[in-house]
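What follows is calculated from the coordinates using simple rules that are stated; it is not laboratory data. Remember, predicted model here, so these are calculated numbers, not experimental data. FYI the Cβ positions are ideal-geometry reconstructions off the backbone, even for glycines, and counts take in every protein chain you see.
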Amino acid sequence: MSNETIGRPMEVLLVEDSLTDAALAIGALKQSKIKHRTTLVRDGLEALAFLRREGHFARAPSPDLVLLDLLLPKMNGLDVLENIRADEELQHIPIVILTSSDTEEDQFRAESFHVESYITKPVNLQKFVAVVRELRSHWHSDLILPALD
């Protein structure tokens, strides 16, 4: 019997307005060798529409992980985070903050919403990959167990 995990890929929602930073995060996810599918949205309002499956996101997958920038157009990441944690349907989703904001106030506020990690840009790729792997090890949705005889 193979030790390979069988099942669907991890769904990742990347909320990032900078295409350069998005490319770095996507590259780090690829480097992690975790089977995943990433969706990129570019502002806070679009993130909430995706998560709530509104408008053209009506058929969007439910993410298993949100990678959230704080400095976003239309609605900042802290407000997005607050909305996610206030929504019973969404509050269980693990969130990792990826931001250029290194202020203690932003970090304290984000951590008060029980984020899994707060990583400042430029992103330390090893730390980022380690965080995603740790989250992945706690995510068991992809396991298919053999039938009992």
Mean separation of Cα contacts under 8 Å (6+ apart) over length of region 18-137, as relative contact order %: 24
Protection proxy ranking of 67-73, 79-85, 22-28 - average other beta-carbon atoms within 10 Å, highest first: 67-73, 79-85, 22-28
Region 1-72 and region 81-104: distance between their alpha carbon centers, rounded to Å: 14
Ellipsoid equivalent to region 1-95 - semi-axes via the Cα gyration tensor, in Å: 24, 17, 11
Region 1-106 - charge dipole about Cα centre, Lys and Arg +1 at Cβ, Asp and Glu -1, debye rounded to 20: 780
Charge sum, other residues only, whose C-beta stays under 10 Å from residue 113's C-beta, Lys/Arg counted +1 and Asp/Glu -1: 0
Ranked 57, 108, criterion: other C-beta atoms within 10 Å, fewest first: 108, 57
Chain lengthening between residue 87 and residue 111 when straightened (0.36 nm per residue, less Cα-Cα): 6.9 nm
